Each structure stands twice: as C-alpha cells, then as structure tokens.
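Contents: one structure, followed by commentary.
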Amino acid sequence: MVKPTRDAEATKASIMQNAMMLFAKNGYDATTAKEIAKKCGVNKAMIFYYYKNKAGLYSAVMSHALEAIHEEVITSKKCCISPLADLEAFIKTYAKYCDKHPYLPSLILRELSDSGAHLSEMMFESLRKLFTLLSSILKEGEAQGIFHNVTPMIIHFMIVGTINLLVTTKSLRTNAVAINEGLDTCSDCDIDEISDYIFTKIKLLLEVKNEENPTCP
C-alpha cells in the first residue's frame, strides 16, 4: 500500500484540480490516471490510494465542485430577505464560482452531452440539490405572489446553461471578434455584467406586473 505524503490535503487538492482540468479538456474516456499523475508530479498508485479508481476520482471531482457551489449559494442566501434577492444571489454566486473555476462548466456540459454516461449517484445528488435549491426559491416567490408562471427546470437551464456556455466559449467568442470586429459576442463582458444581465431578464420574465400599469413591477 502506498503511504500518504506528509501533506496529504495538498496532494489531494492537486489531484482534484488537475483531474478537473484534464477531464474538462479531454473528456472522461480520453483522460488516464497516468496522465493525471504526471500532471500532479505523483505516481499513479498515489491516485488510487486516495481514490479507488478513475471513476471514483471523477465522481469526487464533480461532487466536490457542485457541493462547493451549493454551499456558497446557501451562504449568500443568509443575508437575503426575499425570493427575488435569493434569486439574484443564486445567479451571481453560480456565475462567480464558474468564472473562478472555468473547468467546471465544461465538465458539466460534457456530461450532459453524453446523457450522463458517467454520472454517478453521488454526482446526480449534487446536481439535484442545486436544482432543488433554485426550485424552492422560485416556488416561494410564486407562493408570495412575486413570481408567476414558474417552470423551475426551464428557468434552471436558462440560468445555468447560459452561464456554462458563456464561460466555456470565452476564448471562442474573443477569436470571433478578432475575425469580425463588428460581431458582438459579449467578449468584453465580465462575469458581473453577465450575471446582472441574466438576473434582470429572468426578473422581467417572472415578476408579477402591476395590473393598473403593466410597465411597472
């Protein structure tokens, strides 16, 4: 059995970070434990000491990232006083996390494109918790008469899908502008601008309007 290094937590963090990068870049099937070990500067046996196999490592990578997002959103909601503020916190927290960890959106999109081929029960539970959190915000807003015509899954994909695509296509959108300067690809938009825009549009879509003046919230 391989003995753990002196700084086990740092080693595990390095394995997780490099595994996320390689899984996002090459996909699950094309990424090998040997490649991850080389990137981390450890031997393959060290990876299997901490994680039973590649599938276990992949599951740990995805679950850790999704749980981290969930915890950050939960924390951001503690200072909110309404479903509308909760919705804004959800969007901005998710956007900032993805901007800081750009490999995660790529991993999620890869997994979805494979119809969840490598989606373990643990990963599914993490994704479900994120969706359930947004769904509870939307349903509470509807119960309070703040939101109307709520379909949580569609709103979830509008928010999460848009952010995932904008983060993963940043270099592509920048290159597109270099080819055609007149093309508006939002290549200069920072994550705060993006999340503000998404929140504003989702708010307009969901918010109940004053019957006497339909233009007023």
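Read-outs: derived from the displayed coordinates by stated rules, not from any lab. These figures come from a predicted structure and were not determined experimentally. Every residue, glycine as well, gets a Cβ built from its backbone with ideal geometry; the counts of neighbours run over all protein chains shown.
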Check your understanding: What number comes out for the charge environment of THR32, summing +1 per Lys or Arg and -1 per Asp or Glu over other residues with Cβ under 11 Å away?
Key -> +3
Exercise for review: Using the Karplus curve 6.51 cos²θ - 1.76 cosθ + 1.60 with θ = phi - 60°, work out ³J(HN,Hα) for each residue of the stretch 188-205 in order, rounded to whole Hz, and write x for Gly and Pro.
Suggested key: 9, 6, 8, 5, 5, 5, 5, 5, 4, 5, 4, 4, 4, 6, 5, 4, 4, 5
Exercise for review: Please determine, in degrees from 0 to 90 and to the nearest 10, the orientation of helix 121-143 with respect to the longest principal axis defined by the Cα atoms of the chain, where the helix direction is its Cα long axis.
Suggested key: 10
Check your understanding: Of the lysine pairs in the stretch 69-134, how many meet both conditions: Cα atoms under 18 Å apart, and a spacing of 8 or more in sequence or different chains?
Key -> 8
Point to revise | Between the stretch 136-151 and the stretch 1-80, the Cα center-to-center distance that results, in Å | key: 37
Exercise for review: Specify the angular offset, from 0 to 90 degrees and rounded to the nearest 10, of the alpha carbon long axis of helix 8-26 from the longest principal axis of the alpha carbons in the chain.
Suggested key: 70
Check your understanding: When you take every Cα atom in the stretch 72-128, what is the radius of gyration, and what is Dmax, the widest Cα pair distance, in Å?
Key -> 13.7, 39
Point to revise | For the stretch 16-89, the fraction of alpha-carbon pairs in successive 10 Å shells from zero, as % | key: 18, 38, 18, 17, 8, 0
**Study point:** Estimated 222 nm signal from helices in the chain, with DSSP H stretches of n ≥ 4 weighted -39500 (n - 2.57), rounded to 500
**Key:** -22000 deg cm²/dmol
**Study point:** Listed candidates [x] 148; [y] 126; [z] 115 - label of the one calculated as volume of the Cα convex hull per residue in Å³
**Key:** [x]
Check your understanding: How far is helix 54-77 tilted off the main Cα axis of the chain, in degrees rounded to 10, range 0 to 90?
Key -> 30
Check your understanding: When the chain is treated as a GNM, springs tying every alpha-carbon pair under 10 Å, which of LYS38, LYS25, LYS139 comes out with the largest mean-square fluctuation?
Key -> LYS38
Exercise for review: For the chain, with a Gaussian network of springs between Cα atoms less than 10 Å apart, report the residue from PHE90, PHE199, PHE48 with the top mean-square fluctuation.
Suggested key: PHE48
Check your understanding: Given springs between every Cα pair under 10 Å in a Gaussian network model of the chain, which of LYS78, LYS44, LYS203 has the largest fluctuation?
Key -> LYS78
Review point. For PHE147, which sequence-distant residues (separation of 5 or more, or a different chain) have an amide H within less than 5 Å of its own amide H, given hydrogens modelled in the peptide plane?
Key: GLU142, VAL208
Point to revise | Bins of 5 Å from zero: percent of alpha-carbon pairs in the stretch 1-51 | key: 4, 24, 33, 24, 10, 5, 0
Point to revise | Set of lysines with alpha-carbon distance to LYS38 below 22 Å, sequence-local pairs under 8 removed | key: LYS3, LYS12, LYS25, LYS52, LYS54
